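A.B. asks: First, the structure itself, so that you have it in front of you.
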């Protein structure tokens, strides 16, 4: 077995998995509009070549379309997202829409499927700690910061612990929140990448939609197998491979930018938590303590701006220095 040859074929498939050649050069008659055409689809009404009488195959296809089990199937899209994630997303945001199942629809369907699996397995697990303790370490960090850094403020109350526990027992929602916070950091930090240079924020939205679908599948995998650390490890590897393929940086270039992007996302999450807790304290009449938590918001935003500005400046292409030897 030639391992190198197999890997080369796999790499070639990753870069170009779609064969767009016509299935036949013979003319066909469209059963929908009656026009004769050459190719896979009628240029007048867009109906696919070869569609004829209703059969049991048509019935199965009609039922399968509810869950995306047809052309551009959801299963096919997920296979692409796991085997060539960055290249696949790059194809989609670059204009190759026909290679993918509609991403927002896919995210909704996977979310519904995730709820069903949670119900069937009774799985309210964390991907790091079992029995709903996935967010426990976040609560501990929040306590430590408020005791040692903001000693004038009390540690989070039962209210904030309830918020963190809710995020813990709703990992899909937590993933959506965290990934939505990545759109702006990814836009600035990967602004001058070798591939997909100057990608737009709408493109960034679809990047995170695909990422959220993968995260939900990984969470379902944990619900079924309970192999927490293995799922976490696979998720980290998949994130790295996705952004390396998508933006074309090398090993270290991708790694440090991803670390900075997730640091920014967690900073935005801390802004949300501080603001949320500050409002709660105001409702309880504790205005002095609430003021301290509201003060954390502009400080965190300032830190975020500094990080984004530094990453933007470091990544910005440098003009070549003029040759002064002549």
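A.B. asks: Which order do 53, 9 fall in if you start with the one that has the fewest other Cβ atoms within 10 Å?
C.D. replies: 53, 9
A.B. asks: How far is it, in nm, from the label point at residue 33 to the one at residue 251 when both lie 7 Å from their Cα along the line to the Cβ?
C.D. replies: Placing both labels 7 Å beyond Cα along the Cβ direction yields 5.4 nm.
Where a number appears in this text, it was derived from the coordinates with a stated rule and is not lab data. Keep in mind that what you see is a predicted model, and the values were worked out from it rather than measured. All Cβ positions, even for glycine, are placed from backbone atoms using ideal geometry, and neighbour counts span all protein chains on display.
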